[in-house]
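Notes follow once the structure below has been shown.
The values are calculated or read from the model by the stated rules, or taken from the named source; none is laboratory data. In this text the structure is predicted, and so the values were computed from the model without any measurement. Don't worry about glycine lacking a Cβ; one is built from the backbone with ideal geometry, like all the others, and counts go over all protein chains shown.
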Amino acid sequence: MHELAITESLVAAVAENVGTARVARVRLQVGQLAGVLPSALQFCFEACARGTPLEGATLQIDEVPARGRCRTCRAEMPMLTFVDACACGGVEIELLSGQELRIKDVEVEVQ
């Protein structure tokens, strides 16, 4: 389960940047095709945050839909996999979104 390693890295990165401030919420963007299960990240977050400035914080995950653009007809389309074909029959699809895995923002508590 690589989500545990990802969550450990997420917590470490946030903790390093907030110093001693207590974190209330972390908002994360996860693309549909990122190869990461949001539910597994949620599951790991509490354990990984224990003993850090993130303990007790909420992990908000915004799922980013996958979208692509056909290089043949230039049409944009939703994607479910990396090998989806366009309605025109084109198979060369440029991925526009859906692979994101990034910290969007961090909310710290005012002391």
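Residue-by-condition table, conditions (1) under 30 Å from GLU8 (Cα atoms); (2) out of contact with any strand residue (DSSP E or B) (no Cβ under 9 Å at 6 or more places or on another chain):
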position: CYS48; (1), (2): yes, yes
position: THR52; (1), (2): yes, no
position: ALA57; (1), (2): yes, no
position: ARG69; (1), (2): no, no
position: CYS73; (1), (2): no, yes
position: THR81; (1), (2): yes, yes
position: VAL91; (1), (2): no, no
position: SER97; (1), (2): yes, no
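Against the condition out of contact with any Gly (no Cβ under 8 Å at 6 or more places or on another chain), of a type outside the set (D, E, K, R) and modelled with pLDDT of 95 or more, how does THR20 come out, does it pass?
no
Filter the range 23-36 down to residues that are exposed (fewer than 15 other Cβ atoms within 10 Å of the Cβ) and in contact (Cβ under 8 Å) with a residue 40 or more places away in the chain and give me whichever is nearest to the chain's Cα centre (by Cα).
The selected residue is ARG25.
Being over 30 Å from VAL83 (Cα atoms) and either of a type in the set (S, T, N, Q) or surrounded by 14 or more Cβ atoms within 10 Å (Cβ to Cβ) (or both) is the filter here, so list the residues in the range 10-22 that pass it.
Once the filter is applied, which keeps residues that are over 30 Å from VAL83 (Cα atoms) and either of a type in the set (S, T, N, Q) or surrounded by 14 or more Cβ atoms within 10 Å (Cβ to Cβ) (or both), the range 10-22 yields VAL11, VAL14, ALA15, ASN17, VAL18, THR20, ALA21, ARG22.
Could you please find all residues in the range 81-94 being within 25 Å of LEU28 (Cβ to Cβ) and exposed (fewer than 12 other Cβ atoms within 10 Å of the Cβ)?
Result: THR81, GLU94.
State all residues of the range 95-111 that are in contact (Cβ under 8 Å) with a residue 40 or more places away in the chain, outside any strand (DSSP E or B) and surrounded by fewer than 12 Cβ atoms within 10 Å (Cβ to Cβ); if no residue qualifies, say none.
Scanning the range 95-111 gives a single hit, GLN111.
In the range 37-63, how many are within 10 Å of the chain's Cα centre (by Cα), among the hydrophobic types (A, V, I, L, M, F, W, C) and either surrounded by 19 or more Cβ atoms within 10 Å (Cβ to Cβ) or not in a loop (DSSP other than H, G, I, E, B) (or both)?
Residues meeting the conditions: 2.
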